[in-house]
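Contents: one structure, followed by commentary.
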Amino acid sequence: MPRQETQFTQVNNRPVGAKAQTLKMLKERVMTSEFIIAAHISEVPSGGQLRVEFPDQEILICNVAGEYFAIDYYCSHDALGLEGGTIENDCITCPYHGAEFCLRSGKVMASPAWQDIRVYPVIVEDDLIKLCIKPA
Ligand code: FES
């Protein structure tokens, strides 16, 4: 089910308002990205994590106080699962060797990993968690 477009006024094909650029970017992302249903919200309660599999990748969905994040399932250090890692200050700690990754950016915050992981846009519609898994 395609996401509804954000409505806003346009003048000369440019959105108007304080957040015009953000809305324009949101509109473009909605129009050019493909969101896929990954789970029902009941599968990822607050504080929960869920592994979801797609044909070419596995993603970990994390619910942090009602905010959903989607990241690569596997740690970039030794390709072991990040599932079950503790989450604090928007960072997940790999349960194996302790590398930390920012849930918002995927950036490595603590060794032994040195390579970032990917993060994926998430939207929730009709109680469904949808991910954009296409490369940016
Ligand atoms: S596998 Fe994650 S830190 Fe080693």
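The values are calculated or read from the model by the stated rules, or taken from the named source; none is laboratory data. Remember, predicted model here, so these are calculated numbers, not experimental data. Cβ: placed from backbone, ideal geometry, glycine included. Neighbour counts: every protein chain shown.
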Within segment 52-66, how many residues are away from the ligand (no atom under 15 Å from the Cβ) and either within 16 Å of Cys132 (Cα to Cα) or touching a Pro at 6+ places or on another chain (Cβ under 7 Å) (or both)? 10
Does Ala70 qualify as being touching a residue at least 24 places away in the same chain (Cβ under 8 Å) and in the same structural domain as Val122 (by TED's automatic domain parsing)? yes
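Here's the yes/no breakdown for (1) over 18 Å from Glu34 (Cα atoms); (2) under 12 Å from the mean Cα position of the chain (by Cα); (3) modelled with pLDDT under 95:
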| position | (1), (2), (3) |
| --- | --- |
| Ile71 | no, yes, no |
| Tyr74 | yes, no, no |
| Asp78 | yes, no, no |
| Glu83 | yes, no, no |
| Ile92 | yes, no, no |
| Tyr96 | yes, no, no |
| Val108 | yes, no, no |
| Val119 | no, yes, no |
| Ile133 | no, yes, yes |
Scan segment 115-134 and report the pairs whose first residue is surrounded by fewer than 18 Cβ atoms within 10 Å (Cβ to Cβ) and whose second residue is of a type in the set (D, E, K, R), with Cβ atoms within less than 8 Å and a gap of 6+ or a chain change. Asp116/Lys107; Arg118/Asp72; Pro121/Arg29; Ile123/Arg3; Ile123/Lys130; Val124/Lys130; Glu125/Arg3; Lys134/Glu34
Quick count over segment 75-108, residues being over 24 Å from Ser46 (Cβ atoms), near the ligand (Cβ under 9 Å from one of its atoms) and in a strand (DSSP E or B), is 0
Only unsatisfied item for Pro45, checking (1) out of contact with any Lys or Arg (no Cβ under 8 Å at 6 or more places or on another chain); (2) within 16 Å of the ligand (Cβ to nearest atom), is (2)
